[in-house]
Amino acid sequence: MCKAVGADTYLSNEGSKAYVDINFLNSQKFNHLYCGYKSPIYTQTKVGFEPNLSVLDMLFNIGAKQSRVLIDDGIYFSQINKELE
């Protein structure tokens, strides 16, 4: 798939760690990044904080502008061809 579209990097989420073959990607000269997301704490209507809910929960609780800021701050990438830290 990467070759077909002329890509040199494969991006996958943390859940794909169980099946992504980094050795194969390396042998094919592809870079690899894991894209992770750490749920930021934001004000919710109930007492306490429930992480990893739908973005709709965030939107309804704090609005679009503040949601965007928190989402952008929560995304991180691992080092190329390395395990997540």
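The values are calculated or read from the model by the stated rules, or taken from the named source; none is laboratory data. Here the structure is a predicted model, which means the values were calculated and not measured. When we count neighbours, we look across all protein chains shown, and the Cβ atoms used for this are built from the backbone with ideal geometry, even at glycine.
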Checklist entry - Residues in the stretch 16-45 that are hydroxyl-bearing (Ser, Thr, Tyr) and farther than 30 Å from Leu56 by Cα: how many? => result 1
Next on the checklist: Where the second residue is part of a loop (DSSP other than H, G, I, E, B) and among the acidic types (Asp, Glu) and the first is touching a residue at least 12 places away in the same chain (Cβ under 8 Å) and closer than 15 Å to Gly36 by Cβ and lies in the stretch 1-22, which pairs have Cβ atoms under 6 Å and are six or more apart or on separate chains?
Outcome noted: none
Checklist entry - Which of the residues spanning the stretch 22-74 are among the charged types (D, E, K, R) and surrounded by 10 or more Cβ atoms within 10 Å (Cβ to Cβ)? => result Lys38, Asp57, Arg68, Asp73
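Yes/no per residue for (1) touching a Gly at 6+ places or on another chain (Cβ under 9 Å); (2) over 24 Å from Asp8 (Cα atoms); (3) at pLDDT 80 or above; (4) among the acidic types (Asp, Glu):
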site: Ile22; (1), (2), (3), (4): no, no, yes, no
site: Leu25; (1), (2), (3), (4): no, no, yes, no
site: Pro40; (1), (2), (3), (4): yes, yes, yes, no
site: Thr45; (1), (2), (3), (4): no, yes, yes, no
site: Pro51; (1), (2), (3), (4): no, yes, yes, no
site: Ser54; (1), (2), (3), (4): no, yes, yes, no
site: Ile62; (1), (2), (3), (4): no, yes, yes, no
site: Asp73; (1), (2), (3), (4): no, yes, no, yes
site: Lys82; (1), (2), (3), (4): no, no, no, no
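Can you tell which of Leu56, Leu25 is aliphatic (A, V, I, L, M) and in contact with a strand residue (DSSP E or B) (Cβ under 9 Å, 6 or more places away or on another chain)?
Result of the check over Leu56, Leu25: Leu25.
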